[in-house]
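J.: Could you have a look at this structure, given as structure tokens, before my questions?
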Amino acid sequence: CCSGIVEQAEALYQALSETQQSSISGKVIAGRLMMWRDQYDEAEIFLGKLVAAHPQSAQAHYMYGWVSMTQAQRASIFSKLGYAKTGKKHLLKAIDLDSEHLKAMELLAQFYNYAPSLAGGDEDKAVELGLRVKSIEPVTGVSLLSAIAANHDDEQAALVILELTERWI
């Protein structure tokens, strides 16, 4: 499906100057490319170093949180909780550094929504983040809130939320 897009993204990345590739944004792109190529272990190491080198970069923390959450889904039962804890920590840091970091809020809300409570899942926190997203980006927030409602067997609430979305669009 997406190999052509990844190849195109890699070609565009290679066309960047050395200065652009070595910037935080360039390194974030490099980490994302690793993930797209299913090189999650390499991306985890690379993005961990990026966070260590740039602890005030919301984007670096978001990417490290994202790769950690992805690793949690792919890991053995013994490693899942560690990856989830690391991912959650870095997503929270990204939001702390950039209070309107929508992607970090969305991913963290999804974690809270779908993870079991033993692993840190929390419906109330998911809804809280969904409402924050809605205040910044209404359609995305309503969609997120609908998914939260649907995941918690509140079909009526999910339908009402989706109906409201249709009115806004």
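J.: How far is helix 77-97 tilted, in degrees, relative to the longest principal axis of the Cα atoms in the chain, given as a value from 0 to 90 rounded to the nearest 10?
T.: 90 degrees
J.: Here is a follow-up. Scan segment 42-114 for GluC sites (Glu not before Pro) in coil per DSSP, keeping those whose Cβ has at most 14 other Cβ atoms within 10 Å, and list them by number.
T.: Those that pass, being in a loop and sparsely packed, are E100.
J.: If you don't mind, another one. Can you give me the distance in nm between label points at L92 and S117, each placed 7 Å from the Cα along the Cα-to-Cβ direction?
T.: Result: 1.8 nm between the two label points.
J.: In terms of the Cα gyration tensor, with a ≥ b ≥ c the square roots of its eigenvalues, is the chain rounded because a/c is under 1.5, prolate because a/b exceeds b/c, or oblate?
T.: Prolate is the answer for the chain, as a/c is 1.5 or above and a/b outweighs b/c.
J.: Here is a follow-up. Rounded if a/c is under 1.5, else prolate if a/b is larger than b/c, else oblate: which is segment 49-106, with a ≥ b ≥ c the root eigenvalues of its Cα gyration tensor?
T.: Prolate shape, in that a/c is at least 1.5 and a/b is the bigger ratio.
J.: Give the calculated FRET efficiency between L81 and I24 to the nearest 0.05, with a Förster radius of 30 Å applied to their Cβ-Cβ distance.
T.: Working from the Cβ atoms, E equals 0.55.
Computed from the coordinates by the stated procedures, all read-outs in this text should not be read as laboratory data. Given the structure is predicted, the values throughout are model-derived calculations rather than measurements. Positions of Cβ are generated from backbone atoms using ideal geometry, with glycine treated the same way; all protein chains shown enter the neighbour counts.
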